[in-house]
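Participant: Mind having a look at this structure? Questions to follow.
The values are calculated or read from the model by the stated rules, or taken from the named source; none is laboratory data. All values derive from a computational prediction rather than experimental measurement. As a convention, Cβ positions derive from the backbone with ideal geometry for all residues, glycine included, and neighbour counts pool all protein chains shown. Accessible surface is based on the protein model in full, side chains and every heavy atom, while ligands, DNA and RNA are left aside. Shrake-Rupley method; radii C 1.70, N 1.55, O 1.52, S 1.80 Å.
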Amino acid sequence: MEPLHAPWRIAYIRGPKPAPGSVHLFKEIADSSEDVANYVVARDRTCYAVLNRYPYTGGHLLAVPYKLSPDLNGLTEEEMCDLFKLARRCQNALTTVMRPDGFNIGINLGRVAGAGIIDHVHVHIVPRWNGDTNFMPVIGSTTVLPEALSEVAAQLRAALAAQVS
């Protein structure tokens, strides 16, 4: 059997985990000017898009409002509209760059619903391919990403920049 290596995950596995609510990851990314280092692929007026650093599958993007809110009720109509327009732009960019067969697009509200960051609502845009669910995520609790995040981020930045908002 050939071993598969996913060295980018070890930093997360071994790294310190802050107490819930003590760090606002999405706010830190929003306030940072280090878009390349943070894998930010687009910034709009009320929200931004970022590659998931520990994705379920390659190209897993998150559309995140700048405003900190645990759910959609904390967003204005304009912010919600902008958030879903950005999600649509992300879907279109992923279609151009990665040519998936489909998408999972959704929001997990609360820990019981699978939210990893419960205090800051965000939309997952996850490209899917026929046959992409195999023994690795099901039995091995591991995903295999065929392309480096930095390369995917650069391609998505270009595709998003080419789109008209």
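Participant: By average Cβ neighbour count within 10 Å, what is the ranking of 123-130, 101-108, 24-31, 56-63 from highest down? Mind showing how you got there, number by number?
Facilitator: On the way: 123-130: 18.4, 101-108: 14.0, 24-31: 15.9, 56-63: 23.2.
Taking the mean over residues of other Cβ atoms within 10 Å, the ranking is 56-63, 123-130, 24-31, 101-108.
Participant: How large is ³J(HN,Hα), in whole Hz, for each residue of the stretch 24-38 in order, when computed from phi with the Karplus curve 6.51 cos²θ - 1.76 cosθ + 1.60 and θ = phi - 60°, using x for Gly and Pro?
Facilitator: Listing the rounded values in order: 10, 3, 5, 5, 4, 5, 4, 7, 7, 9, 8, 4, 5, 5, 8 Hz.
Participant: Follow-up. Provide the gained length on full extension for the span Ala162 to Arg45, in nm with one decimal, where the gain is 0.36 nm per separating residue minus the Cα-Cα distance.
Facilitator: On the way: separation 117, 0.36 × 117 = 42.12 nm, distance 1.71 nm.
Going from the current span to full extension adds 40.4 nm.
Participant: Moving to a separate point now. For the stretch 28-109, what log10 I(q)/I(0) values come out of the Debye formula at q = 0.20 1/Å, with one point per alpha carbon and no solvent?
Facilitator: Rounded to two decimals, the profile gives -0.97.
Participant: Roughly how much of Ser33 is accessible, in Å² to the nearest 10, using a 1.4 Å probe?
Facilitator: My reading of the accessible area for Ser33 is about 100 Å².
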